[in-house]
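The values are calculated or read from the model by the stated rules, or taken from the named source; none is laboratory data. What you see is a predicted model; the values in this text were computed from it and never measured. Please note: Cβ atoms are built from the backbone with ideal geometry, for glycine as well, and neighbour counts cover all protein chains shown. Ligands, DNA and RNA are stripped out before the accessible areas are found, and what is left, the full protein with its side chains, is counted by its heavy atoms. Shrake-Rupley method; radii C 1.70, N 1.55, O 1.52, S 1.80 Å.
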Amino acid sequence: RVTVSGVGLGANGPATVSGAVNAGPLGNNDTYPLSGNNDVLDGGSGETVSVSGNSGTLTPASSGGTPGTALVTGSGDSVNLTDSSVSVDARLSTGIGGSGDTITLTRHDTLAVSGTDQTVQAGRGSTLTLAANSSVAVTGAADTVLLDAGDTLSITGDAQTISGGTGDTATSTGKRESATLTDSTLTLGANTAVTVNGDGNTVVLGNSDSVT
């Protein structure tokens, strides 16, 4: 195991990177603990990457690459993955982009999400901001999801809040939900109770739903 700055790894290469402003491409199936500030990684597929520090950018899976895993323990990091899993420590601010990723939050995290077929296990009390035309499935409790335009959202859990957005499509299942939308479609799962605000919305009811 080596400690390096400005690294490029080949396939199956283990490395520990520490310090500030590290940058370099990855190979495939690397194990890559990274600590420091303003780090930038990209390329490769099937990576296992641990990120700690601030303001880093991590792209460990190239388009069409095999799934990778990232653990983010810093703040203000940006992570772009494909068909990968991401775990974020509590009370952190992180941005996730790509497609087919699974993001696991702890509690009171701040997450920016872009891309398609993203899955977020939001823990409790987290705030998610979706980029326009993203598709995201969220489970958790007492979370806030801020929509842009043209988003597709599926949200499950109690006391969830959906806010903003125009022309979105959302599905909500849970109790004590709140949705503020414009010209959007909201479909409710069974036994859902929701307060809906905004103009031009269509609400599709399931069984035993309550809308105010």
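Do we find a residue being of a type outside the set (S, T, N, Q) and under 27 Å from SER85 (Cβ atoms) anywhere in the range 169-176? Checked against the condition, which is being of a type outside the set (S, T, N, Q) and under 27 Å from SER85 (Cβ atoms), the range 169-176 yields at least one hit.
Could you run through the range 186-212 and say how many residues are among the polar types (S, T, N, Q) and surrounded by 15 or more Cβ atoms within 10 Å (Cβ to Cβ)? So that I can check it myself, show each step before the final result.
Applying the first criterion (among the polar types (S, T, N, Q)) to the range 186-212 yields 187, 191-192, 195, 197, 201-202, 207-208, 210, 212.
Those still in the list that are surrounded by 15 or more Cβ atoms within 10 Å (Cβ to Cβ) too: 187, 192, 201.
Number of matching residues: 3.
Within the range 118-136, being open to solvent by less than 40 Å² (accessible area, probe 1.4 Å) and part of a strand (DSSP E or B) holds for GLN118, VAL120, ALA122, GLY123, LEU128, LEU130, SER135, VAL136. I'd like the full set of residues that are more than 19 Å from ASP148 (Cα to Cα) and aliphatic (A, V, I, L, M), limited to the range 73-117. Listed by number, the residues that qualify are VAL79, LEU81, VAL86, VAL88, ALA90, LEU92, ILE103, LEU105. Counting only strands (runs of 3 or more DSSP E) that sit wholly inside the range 147-200, not one has at least 2 residues that are without any contact (Cβ under 8 Å) to a residue 12 or more places away in the chain.
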